[in-house]
1. How about the range 220-256: which of its residues are closer than 16 Å to Leu180 by Cα and in contact with a Phe, Trp or Tyr (Cβ under 6 Å, 6 or more places away or on another chain)?
2. Among helices (runs of 4 or more DSSP H) lying entirely in the range 172-247, which contain 1 or more residues that are within 14 Å of the ligand (Cβ to nearest atom) and under 19 Å from Ile258 (Cα atoms)?
3. Does Glu233 count as within 28 Å of Pro70 (Cβ to Cβ), under 13 Å from the mean Cα position of the chain (by Cα) and of a type in the set (Asp, Glu)?
4. Can you list residue pairs whose Cβ atoms sit under 9 Å apart, with the first residue in the range 237-259 being over 24 Å from Lys224 (Cβ atoms) and free of Cβ contacts under 8 Å to residues at least 40 places away in the same chain and the second being in a loop (DSSP other than H, G, I, E, B) and away from the ligand (no atom under 16 Å from the Cβ)? Count only pairs 6 or more apart in sequence or on different chains.
5. Output the residues belonging to the range 59-81 that are assigned to a helix (DSSP H, G or I), within 8 Å of the ligand (Cβ to nearest atom) and not aliphatic (A, V, I, L, M).
6. List the residue pairs whose Cβ atoms are under 8 Å apart, where the first residue sits in the range 141-155 and is touching a residue at least 24 places away in the same chain (Cβ under 8 Å) and of a type in the set (A, V, I, L, M, F, W, C), the second is near the ligand (Cβ under 7 Å from one of its atoms) and not in a helix (DSSP H, G or I), and the two are 6 or more positions apart or on different chains.
7. Identify all residues within the range 8-49 that are aromatic (Phe, Trp, Tyr) and either assigned to a helix (DSSP H, G or I) or on the phi > 0 side of the Ramachandran plot (or both); write none if there are none.
8. What's the total number of residues in the range 124-145 that are within 19 Å of Thr169 (Cβ to Cβ) and either part of a strand (DSSP E or B) or away from the ligand (no atom under 14 Å from the Cβ) (or both)?
Amino acid sequence: MIAKKYQDILSKAELYVLSYPGNFECMNFKPMGFEIKEENRLSCMSLKNERFYDLLHSLDSLAFGPEGMPMDKWVFYDCGEMPGGVVGLGVRAKDLGEEALKEYKIDADYEGLVPISMYIAIPMANGEWFGHNLSSANRVLKEAMPGLGLVTKALALQVFQIPTMLGATQWDSKALEIHLQLSDMELLSTYTPAHSYKNTMTYKSHYPLAGLEEALSGTKREAKDWDYLHPAEDEAFSRKIQERIEAGERFKIVGRPIHKEGETFYPIKKI
Ligand SMILES: CC(C)(COP(=O)(O)OP(=O)(O)OC[C@H]1O[C@@H](n2cnc3c(N)ncnc32)[C@H](O)[C@@H]1OP(=O)(O)O)[C@@H](O)C(=O)NCCC(=O)NCCS
């Protein structure tokens, strides 16, 4: 049973998916029993959806612009929509507040769906998946919807039918509250010079349906026992653990971040 705050979001917002239609047959259009109606199953190759592509681009800019990592539209198309897809929640333009209408640059004549959250996942060559983007417009909504980011990722994993997924996240990202509410994260890298931000970790998580339901039950996933705490902002620390991973050790984060005296730490267990 999912908690009331997530049910409320799903009663106010509509699920959508945008992808290459050839991918649709691999998707579940009724994640956790919540249906993606036919009109919201959108092709990324259709003129009809031209406005929606721009709105997704605006959502990405308002989420990742302040992070310094906004995407070009061709990246959406080549690296997200065609190989994988975008899944999220949207509301009708008339139900958005003034600030959001301005942020999205929505014309007065537009009455269609406006994406207020999205999750993008991309299949990998070895059959696993890579989580590419999680965005939520909570910051600019007239009435914020606490839980929007979390419920979006949980449902998207079900739409894409992803049992195991990799992703890359900055150690100081607030999204780790969401990733760790959904599952433990095995650390494949803790310091990643190949990324624009070196203090990025690469993780692998398992997402069985029972775990996703538990994540949405309203109970916070606290860490029970850990071997050490990883400081979010300490690059030298991240680099040291990276050296140990490359020497063959394995680690995972076993619960939500711990906040102490203005700093964030992650509970890590050696495996
Ligand atoms: C990160 C982001 C997706 C969060 O979206 P959101 O809709 O505000 O998140 P939710 O409301 O679902 O929050 C889920 C949990 O995270 C916590 N959380 C969210 N933002 C937080 C913040 N800034 N500080 C501390 N905790 C936070 C919430 O309290 C909530 O926990 P709870 O359910 O126990 O109360 C959104 O802020 C965003 O788009 N950020 C910019 C892009 C980005 O960094 N994406 C992630 C890349 S990996």
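1. Within the range 220-256, the subset closer than 16 Å to Leu180 by Cα is 220-226, 229-232, 251-256.
Selection gives Leu229, His230, Pro231, Ala232, Ile253, Val254.
2. In the range 172-247, 176-182, 209-215 are the helices (runs of 4 or more DSSP H) which contain 1 or more residues that are within 14 Å of the ligand (Cβ to nearest atom) and under 19 Å from Ile258 (Cα atoms).
3. Details: within 28 Å of Pro70 (Cβ to Cβ): yes; under 13 Å from the mean Cα position of the chain (by Cα): no; of a type in the set (Asp, Glu): yes.
When the stated conditions are applied, Glu233 does not pass them.
4. Lys240/Tyr191; Glu243/Tyr191
5. Residue satisfying the conditions is Phe64 alone.
6. Every condition considered, the pairs that remain are Leu148/Ser117; Leu148/Ser136.
7. So in the range 8-49, the residues aromatic (Phe, Trp, Tyr) come out as 16, 20, 24, 29, 34.
Phe24 - this is the single residue of the range 8-49 that is aromatic (Phe, Trp, Tyr) and either assigned to a helix (DSSP H, G or I) or on the phi > 0 side of the Ramachandran plot (or both).
8. Of all residues in the range 124-145, those within 19 Å of Thr169 (Cβ to Cβ) come to 124, 128-136, 138-139.
Pick out the ones that are also either part of a strand (DSSP E or B) or away from the ligand (no atom under 14 Å from the Cβ) (or both) and you get 124, 128-136.
The number of residues fulfilling the criteria is 10.
Read-outs throughout are calculated quantities, based only on the coordinates presented, and are distinct from any laboratory measurement. This is a predicted model, so every value here is computed, not measured. All Cβ positions, glycine included, derive from the backbone under ideal geometry; neighbour counts span all protein chains shown.
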